[in-house]
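Below is one structure, written out as structure tokens, with a few remarks after it.
The values are calculated or read from the model by the stated rules, or taken from the named source; none is laboratory data. Computed from a predicted model, the values in this text were never measured in an experiment. Cβ placement follows ideal geometry from the backbone for every residue including glycine, while neighbour counts extend to all protein chains displayed.
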Amino acid sequence: MDRKRIVKKHHPIVTGVEKDAPLSIGNGNFGFSVDVTGLQSFPDAYETPLGTQSNWGWHHTGGKNQYTDQDISYQLYEYEDRKIKYPMKPGEHPEAFHWLRQNPHRIQLGQIGFAFFNESGDKLGIQDISQIRQELDLWNGVITSSFSVNQQPVEVITVCHPKLDLIAVQIKSSLLKSQQMKIVQDFPNPDVTHNSWDKATKLNWKHREDERTNLKHQEKDVTHNSWDKATKLNWKHREDEHTNLKHQEKQETTLERIIDEDSYIVHWHHHDGAFQRIDDHAFELIPRDTTDDFTFTVSFHSDKQQHVPFAEVLEASQKYWKEYWESGAFVSFEESTDDRADELERRVILSQFLTAVHSSGSMPPQETGFMYNSWFGKAHLEMHWWHTAHFPLWGRSQYLEKSLNWYQQILPIARQIAEKQGFSGVRWPKMVGIDGKQSPSPVAPGLIWQQPHPIMLAELLYRANPNKETLEKYQDIIFQSADFMADFASWDEARKVYVLGPPLIPAQECHKMEETSNPAYELEYWKYGLSVAQQWAERLEVKANPNWLKVAEQLIEPKHLDDVYLAHEHCADTFTEKNHDHPSMVAACGILRGSLIDPEIMRHTLWKVKEEWQWDTAWGWDFPMCAMTAARLNEPELAIDFLLMDATKNTYMVNGHNYQRPGLSAYLPGNGGLLTAIAMMVAGWDGYHSDANPGFPKNQQWNIQAEGFHRYI
């Protein structure tokens, strides 16, 4: 296959403001989103915030130790013969509850944009920008933006270094000579001030005295908009926020940002020009009036400056992305005649780029990646699988390994959570910041389906690279995860089986903690995770915990009614009241092997989900989840129908992001889930030994070219 030609065919090209779909570049640990000018000149023209974010850039409002988990109220839930504490309501200490939920929060590292002026010196707006053509070159990781300002042409090239938190920019325009364009750096305020458990936050530009931008650092406040909404920048600064001009030479400027106890550095390297402060937290770079070709780089770092010239950054990006596209798996549908084939190929190509940019870093990503904050920028560990499971299936294991290694760092925290609840092993938290600590929440502490995720992710890595080094590297994560899982299951003496819950909240989160027991997906996932742990012990020739196999072999089977699997065994009926949110019961035989599942009952369940589910309440990953179930049940036409269902939550915009609703215009679990489903449908799964591409219809309309995929479980 001519990979370069196929990738180029799907380069995003915009000719106007796509208010929900700005383009972005990045490297897995850093991301930068741009408007039509190639920078962040007109953020108010966009509903989706224009982000500059990293995996290290976090802030604690008021300092790092305002509250601890000892300061919040806990709720007691019955479990066997004891009560377990969960931090799920504000209770008598709402300030501590809200602060710990919102802190630390990922911060907007700084806004970089152009300021344009007419010949009279009046500032121009987005309405004065015309002849827009912007293209994201996926093969090279480069955004080229062409436009006119008052009929004067401008060309901007924007690129991100593949290893450093650094952007490089080249500008070509006669407006440089006439000094009718400047580059502006501004810093928002990062505080989270809204005491509402379910609110996300806009960037806050109200700065404080103890926040400094010493030409060396920056900051942003987070104030609420709506729990799942994107957020505008907050420019109200505080006294304890500082932006200091730390160091300046002819072609270099270093800013230091200080907010409370957090700080970082912003380092500019530029051709001759005047770099000067224009406000407490704002600066401008005015290129010299003798050039119409100007370059600069800006790096962000927690403790040191970085500099690489524009040409070297461009070359490094071109090399990195070329190697990315030429390695690993690839698939093309361009010889197919199904009317949906080209759109599926576009989604697949763009999702590969976006997950590499936003989901391949040193810690599990937030659901919106580096685009903007959702849920305070924190990672949701039950979504980690959806972000990254596709990487080893596509022959790109190294992109998963970086974030899976992060679990080693938070082992002590996860062990402490389990110990406080009276369990063995480790209980992985759900909603976490960079510190890995559990966030209080009305839902998050009750979820359990993130628990087997590290086991499956490590198993996928091992299957892609079966060696002892992989086994030894992840054995602690797997064994301690399994220890908790075995201990969490309860023995039901009357039925002579092991059961799950209550208390728990299933993947379909609309069920009550104190009523939920034996959800289908979680039961199957428990069996899978415990069985894999047993296999790892055998591979390593070490003694396994005997409870792993004991529990796995005696788990209760999921309940069904009228040939439909229920969300959990205490559901009143099938879908009359609970046909919204995630139809997660189908994952038990799709994402998982269905060892506890009757295939015909699951087939009937899947068709009922297709016909009766309230799809406007679903989420982006529900569509590939259902497609995987259809594929495993030998319903390939249905699999394609799910992948390309005409539903708002299954929309993939011009930039490739999976749109959910206003304020949640980027949802990377949808992109990652799509890639996992495609890998399964192309390469097959354990136990399937028939034709190639088993997840695709054999109707002569799907002619698929594929290479390099690994078989799914």
Tell me yes or no: at least one residue of the stretch 78-88 is basic (Lys, Arg), surrounded by fewer than 17 Cβ atoms within 10 Å (Cβ to Cβ) and in contact with a strand residue (DSSP E or B) (Cβ under 7 Å, 6 or more places away or on another chain).
yes
Given (1) modelled with pLDDT under 95; (2) closer than 27 Å to Leu674 by Cβ; (3) small (Gly, Ala, Ser), where does Ser595 come up short, assuming only one miss?
(1)
Selected residue (criterion: farthest from Asp616 (Cα to Cα)) from residues of the stretch 635-659 that are in a loop (DSSP other than H, G, I, E, B) and without any contact (Cβ under 8 Å) to a residue 60 or more places away in the chain
Glu635
When every residue in the stretch 416-445 that is outside any loop (DSSP other than H, G, I, E, B) and in contact with a Lys or Arg (Cβ under 8 Å, 6 or more places away or on another chain) is compared, the one nearest to Lys83 (Cα to Cα) is Lys420
Quick one: how many residues across the stretch 446-464 are surrounded by fewer than 24 Cβ atoms within 10 Å (Cβ to Cβ) and not in a helix (DSSP H, G or I)?
3
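This table checks each residue for (1) buried (at least 17 other Cβ atoms within 10 Å of the Cβ); (2) of a type in the set (Gly, Ala, Ser); (3) within 26 Å of the chain's Cα centre (by Cα).
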{"residue": "Phe116", "(1), (2), (3)": "yes, no, no"}
{"residue": "Asp137", "(1), (2), (3)": "yes, no, yes"}
{"residue": "Ser148", "(1), (2), (3)": "no, yes, no"}
{"residue": "Val156", "(1), (2), (3)": "yes, no, no"}
{"residue": "Leu164", "(1), (2), (3)": "yes, no, yes"}
{"residue": "Ala168", "(1), (2), (3)": "yes, yes, yes"}
{"residue": "Pro188", "(1), (2), (3)": "yes, no, yes"}
Given the residues Gly51, Gly63, Gly57, which is the only one that is out of contact with any His (no Cβ under 8 Å at 6 or more places or on another chain), farther than 16 Å from Ile434 by Cβ and among the small types (Gly, Ala, Ser)?
Gly51
Qualifying residues in the stretch 647-670 (those that are crowded, with 24+ Cβ neighbours inside 10 Å and among the aliphatic types (A, V, I, L, M)) - the one nearest to Trp385 (Cα to Cα):
Leu668
Spot the failing condition for Ala200; the list is (1) at pLDDT below 95; (2) of a type in the set (Gly, Ala, Ser); (3) more than 21 Å from Pro43 (Cβ to Cβ), and only one is missed.
(3)
Go through (1) within 28 Å of Asn699 (Cα to Cα); (2) of a type in the set (Ser, Thr, Tyr); (3) more than 13 Å from the chain's Cα centre (by Cα) one by one and return the number of the condition Ser351 breaks.
(3)
Return yes when Val532 is in contact with an Asp or Glu (Cβ under 7 Å, 6 or more places away or on another chain) and part of a helix (DSSP H, G or I) and no when it is not.
yes
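For every residue, the table says whether it meets (1) modelled with pLDDT under 95; (2) outside any helix (DSSP H, G or I); (3) within 23 Å of the chain's Cα centre (by Cα); (4) of a type in the set (A, V, I, L, M, F, W, C).
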{"position": "Asn671", "(1), (2), (3), (4)": "no, no, yes, no"}
{"position": "Thr676", "(1), (2), (3), (4)": "no, no, yes, no"}
{"position": "Ala679", "(1), (2), (3), (4)": "no, no, yes, yes"}
{"position": "Gly687", "(1), (2), (3), (4)": "yes, yes, no, no"}
{"position": "Ser690", "(1), (2), (3), (4)": "yes, yes, no, no"}
{"position": "Phe696", "(1), (2), (3), (4)": "no, yes, no, yes"}
{"position": "Gln700", "(1), (2), (3), (4)": "yes, yes, no, no"}
{"position": "Asn703", "(1), (2), (3), (4)": "no, yes, no, no"}
Do you know which of the residues in the stretch 594-621 that are touching a residue at least 40 places away in the same chain (Cβ under 8 Å) and assigned to a loop (DSSP other than H, G, I, E, B) is surrounded by the fewest Cβ atoms within 10 Å (Cβ to Cβ)?
Ser595
Search result, residues across the stretch 389-426 that are farther than 27 Å from Gln352 by Cβ and of a type in the set (A, V, I, L, M)
Ile410, Leu411, Ile413, Ala414, Ile417, Ala418, Val426
Of the criteria (1) exposed (fewer than 14 other Cβ atoms within 10 Å of the Cβ); (2) touching a residue at least 12 places away in the same chain (Cβ under 8 Å); (3) within 30 Å of Thr651 (Cα to Cα), which one Trp321 fails
(1)
Test of understanding: among Ser360, Ser351, Ser336, which residue is in a loop (DSSP other than H, G, I, E, B) and either at pLDDT below 95 or closer than 30 Å to Trp428 by Cα (or both)?
Ser360
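Yes/no per residue for (1) among the polar types (S, T, N, Q); (2) at pLDDT 95 or above; (3) closer than 30 Å to Pro442 by Cα:
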| position | (1), (2), (3) |
| --- | --- |
| Gly110 | no, yes, no |
| Val142 | no, yes, no |
| Gln151 | yes, no, no |
| Gln170 | yes, yes, no |
Can you name the residue in the stretch 170-186 that is closer than 23 Å to Tyr372 by Cβ and not β-branched (Val, Ile, Thr) and is also surrounded by the fewest Cβ atoms within 10 Å (Cβ to Cβ) among such residues?
Asp186
Residues being at pLDDT 95 or above and assigned to a loop (DSSP other than H, G, I, E, B): count how many of those fall in the stretch 466-507.
13
Looking at Asp563, is it touching a His at 6+ places or on another chain (Cβ under 6 Å) and either crowded, with 17+ Cβ neighbours inside 10 Å or of a type in the set (Asp, Glu) (or both)?
yes
Of all residues being assigned to a loop (DSSP other than H, G, I, E, B) and under 16 Å from the mean Cα position of the chain (by Cα) in the stretch 22-49, which is surrounded by the fewest Cβ atoms within 10 Å (Cβ to Cβ)? Just the residue, please.
Asn29
Name the strands (runs of 3 or more DSSP E) wholly inside the stretch 57-162 in which the number of residues that are farther than 26 Å from Ile13 by Cβ and free of Cβ contacts under 8 Å to residues at least 60 places away in the same chain is 1 or more.
75-79, 82-86
